[in-house]
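Right, one structure below, let's go through it.
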Amino acid sequence: MSGYEKMIYMNNAATSWPKPPEVAKAMADAVTALPGAANRGGIQDFDVFDEVRKELAWLMGVSCPSQIALGCNSTWGLNQAIFGYPLKPGDTVLTTRAEHNAVLRPLYRLEQEGIRVIRLHVDDCGRVCPGDWKAALAEYRPKLCVLIHASNVTGAVNDVPTLAGAAKDAGADFLLDVSQTLGILPVKAEAWGVDMAVFTGHKYLLGPQGTGGVYVRPGLDLKPHMTGGTGVLSDRMEMPEEMPLHLEAGTGNEPSYHGLLAALRWSRAHPVDQEALGTTVKELAEGLKKLGCRVIEPSGASTPVLSFLIPGVSSADAADILTGSYDIICRVGLHCAPDIMEDIGMPGGTIRLSLSRFTTREETEEVLKAVQDIVESGL
């Protein structure tokens, strides 16, 4: 048994592990085979990018796979969506304080360019209140709304059908960040009225790093945030107009997309046991609370994420002990989402445990034993 296999991995909201064995095999096969990148020569009998789009379209609830542009991660997708959307000085963007820095920082740059950004407070579980959302839509009349589907800090899932519907009624386009939900919870972009949806491959899709992208509804024209070669129409100075070429400049990460395709197909054949996973998360939360920890436990829909604090112990010290003494891989700090911390009452950050379909009850019991040791040590 390797050292990695002895560890208890609970940082899946950052990067999922382990991956299905098929992922590594597909990537290795792709590296050793002749290159087959679409439109750029090589072996053209199989286009892995098109196959990935088909799987993603099914998973995201969209009818046109070519409206999915593939890049290197959800940060790439969010930059493309935000900077490519037709905003001008004086326009308003509505978002929340629960967003990841991949949203907050691009929007901050837009503010420097004269775009007004409204950041709504969220409740103590990390959700935006639909009433506050609708009131802000009426008051500020935004052109674009940007929302995280589920908080990467608390796991709380926003009521997207209601929030997206209200945005559409107010005349705004709606950008949804599904980085934390795609692959673990249902996503129905078209049915919900989502205009753009951004995703990454290395979290609950179980794929490798270096994969992700953005879905753009038909009829919405984004300005390419990055331009360059597409392998076709090379005599044009502008990027091709048709999707997905319009947003896909440069050579794609073919080996990693073979890995993502293998992960998507494996996941379709092996659906998540939501009931079992939910029970495991609930038991872990209850165990932490019995030990006196302060736990953010959202009611309603949530991802398998728990943020907590151990009374009298700094989160940084606790995480160091969990990892250094107990081989429990977790995450500590602000989790790239600094604004939400004040709203949930944990301004210094949290210890975050993010489970996956592979997390066992034995592992959660080991986590509780480790936390009990820290509590009883009186640090």
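The values are calculated or read from the model by the stated rules, or taken from the named source; none is laboratory data. Worth saying up front: this structure is predicted, and the values here are computed from it rather than measured. Heads up, the Cβs are rebuilt from the backbone with ideal geometry, glycines too, and the neighbour counts pull from every protein chain shown.
Residue 263 meets each of the listed conditions (1) within 20 Å of residue 304 (Cα to Cα); (2) in a loop (DSSP other than H, G, I, E, B); (3) not aromatic (Phe, Trp, Tyr) apart from (2).
Within region 266-308, the set of residues being in a loop (DSSP other than H, G, I, E, B) and charged (D, E, K, R) comprises 273, 297.
Can we say residue 371 is in a helix (DSSP H, G or I), modelled with pLDDT of 95 or more, touching a strand residue (DSSP E or B) at 6+ places or on another chain (Cβ under 8 Å) and surrounded by 22 or more Cβ atoms within 10 Å (Cβ to Cβ)? For residue 371, the condition - in a helix (DSSP H, G or I), modelled with pLDDT of 95 or more, touching a strand residue (DSSP E or B) at 6+ places or on another chain (Cβ under 8 Å) and surrounded by 22 or more Cβ atoms within 10 Å (Cβ to Cβ) - is not met. Among helices (runs of 4 or more DSSP H) entirely within region 63-173, having at least 1 residues that are assigned by TED's automatic domain parsing to the domain that holds residue 186 and within 24 Å of residue 350 (Cα to Cα) singles out 74-84, 101-112. Suppose the filter is in the same structural domain as residue 107 (by TED's automatic domain parsing), out of contact with any strand residue (DSSP E or B) (no Cβ under 8 Å at 6 or more places or on another chain), among the small types (Gly, Ala, Ser) and free of Cβ contacts under 8 Å to residues at least 60 places away in the same chain; does residue 256 pass it? Taking the combined requirement at face value, the residue does not satisfy it. For region 223-230, the count of residues that are modelled with pLDDT of 90 or more and within 19 Å of residue 207 (Cβ to Cβ) is zero.
Okay, residues lined up against (1) under 19 Å from residue 203 (Cβ atoms); (2) of a type in the set (A, V, I, L, M, F, W, C); (3) outside the structural domain of residue 204 (by TED's automatic domain parsing):
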site: 335; (1), (2), (3): yes, no, yes
site: 344; (1), (2), (3): no, yes, yes
site: 349; (1), (2), (3): no, no, yes
site: 357; (1), (2), (3): yes, no, yes
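The single condition among (1) at pLDDT 95 or above; (2) surrounded by fewer than 17 Cβ atoms within 10 Å (Cβ to Cβ); (3) within 30 Å of residue 32 (Cα to Cα) that residue 234 does not satisfy is (1).
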